[in-house]
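Here's the structure, in structure tokens; my notes come after.
The values are calculated or read from the model by the stated rules, or taken from the named source; none is laboratory data. Remember, it's a predicted structure, so these values are computed and weren't measured experimentally. Quick reminder, even Gly has a Cβ in these numbers, built from the backbone with ideal geometry, and neighbours come from all protein chains shown.
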Amino acid sequence: MNSKTIAQSALASVIALGLLTAAGQASAADKEGAEKCYGVVKAGKNDCQTSAHACAGQASKDGQGDSWVYVPKGTCEKIVDGSLKPKA
């Protein structure tokens, strides 16, 4: 691996960790102040069912358009490819 690949991987990990931490904090609360953010989940890290599967943690690929995670309100639209509505 070259240093550029390592740096990109580290940055992606930091961003993903931040998203997962925010989602975990939002889901631990009563969902007040949170919103569903579609299209940004990692495979197997979605919060709940979709039209393709019946339970959390079953997203089959990264960025699946109908899979979502809870994020603090106002955050989703700031995330690249984040959407407040399911994507096709």
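Could we say that CYS48 is of a type in the set (A, V, I, L, M, F, W, C), touching a Gly at 6+ places or on another chain (Cβ under 7 Å) and either closer than 22 Å to GLU32 by Cα or modelled with pLDDT of 90 or more (or both) here? Taking the combined requirement at face value, the residue does not satisfy it. It is to be established whether one or more residues within the range 16-29 are surrounded by 10 or more Cβ atoms within 10 Å (Cβ to Cβ), at pLDDT 70 or above and of a type in the set (A, V, I, L, M). No - not one qualifying residue is present in the range 16-29.
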